[in-house]
Amino acid sequence: MNVTVACEHNPAMDSEEGKRAYPEGLGVCLKEMLSEAGHCVTLVTMDENGAEGLTDDILAKTDVMFWWGHWYHQKVSDEIIGKVADRALRGMGMVFLHSAHDSKMFKKLLGSSCSLKWREDGEHERLWCVDPTHPVARGLGEFIDIPEEEMYGEPFDIPTPDELVYIGWFRGGEVLRGGCVFRRGAGKLFYFNPGHETYPTYKLPAVRQLLRQACDYVAPALPLKEKICCPHIEQFSVR
Ligand code: ZN
């Protein structure tokens, strides 16, 4: 499967904490995690120039796209957002990580503000599985512990998820729908809240297994549709 990781590189990643968490870079960590599963992975770095490395050629080959962004959401052009959303609605799978909840891409596909409560305090998060039969949660037990994470809490302004797989609980008492599947058009997308850039969450074996299973779950089951439009609209439209 061809997987594209669209991952930001921001100044927090060059801080002491950022480098300690991911000396190789967060994007490279995600790329290696997915390459180990046998996927052909392309890493596109987003920065103050937006996502200009995300070319039409790369997009045209992508079966599943991972999206991690934080500082530069507004730098990603509406043209690229439109092209990626079009492919997602035609069946490409997407996995949105952590602060991607506030990306133009996520908000476009969900149609709400996607705002939430947050506190950057390196707190213990316990992700409770609320659907043990779900393929994303296979073999991962009742819960996953993340020693240090940024708190993300409810109210999370998202539509009711089509499938809720995990609820995150934080030491401060807050909870969040932190592992959710949404179906949009012919595609599926998965949102996963952990993954602040200064905590090494994506090094945890259980998180890596979960994200690889999420990648498989949102992958297109059929060849991508040529276009989103219903054929009957064309058939009956006035000529
Ligand atoms: Zn964060």
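Contact order, relative form, for region 67-187: 27 percent (alpha carbon pairs under 8 Å, 6 or more residues apart, mean separation divided by residue count). Relative contact order of region 8-95: 28 percent, from C-alpha pairs under 8 Å at least 6 residues apart in sequence. Computed from Cα atoms, the angle from the helix 26-35 axis to the main principal axis of the chain rounds to 70 degrees. Out of every Cα pair in region 1-142, what percent are spaced more than 17 Å from each other? That tail contains 66 percent of the Cα-Cα pairs.
In the chain, the DSSP-assigned H stretches of four residues or longer account for a calculated mean residue ellipticity at 222 nm of -7000 deg cm²/dmol, using -39500 (n - 2.57) per stretch and the full residue count as denominator. What's the local net charge at Cys29, with K and R +1, D and E -1, over the other residues with C-beta under 10 Å away? Summing Lys and Arg as +1 and Asp and Glu as -1 gives +1. Per q in 0.29 Å⁻¹, report the Debye log10 I(q)/I(0) for region 135-186, using one uniform scatterer on each alpha carbon and no solvent. Summing over Cα pairs of region 135-186 leads to -1.24. Shape class for region 92-163, computed from the alpha carbon gyration tensor (a ≥ b ≥ c): oblate, with a/c not under 1.5 and a/b at or below b/c.
Rounding to the nearest 10 and keeping the result within 0 to 90°, find how far the Cα-based axis of helix 78-89 lies from the longest principal axis of the chain. The helix 78-89 is inclined about 80 degrees to the chain.
Seen against the Cα atoms of the chain and their longest principal axis, helix 205-218 is set at about 10 degrees. Positive-end ranking of Ser103, Leu34, Asn10 along the dipole of region 1-136, with charges on Cβ about the Cα centre, is headed by Ser103.
Taking amide H as placed 1.01 Å from N in the peptide plane, Val95 has its amide H under 5 Å from the amide H of Met65, Phe66, Trp67, Phe190, each at least 5 places away in sequence or on another chain. Each listed q (0.10 Å⁻¹) maps to a log10 I(q)/I(0) for the chain, found by the Debye formula over equal Cα scatterers with no solvent: -0.44.
Laboratory data are not the source of any read-out in this text; all were calculated from the coordinates shown. Note that the structure is predicted; figures quoted are calculated from it, not measured. Cβ: placed from backbone, ideal geometry, glycine included. Neighbour counts: every protein chain shown.
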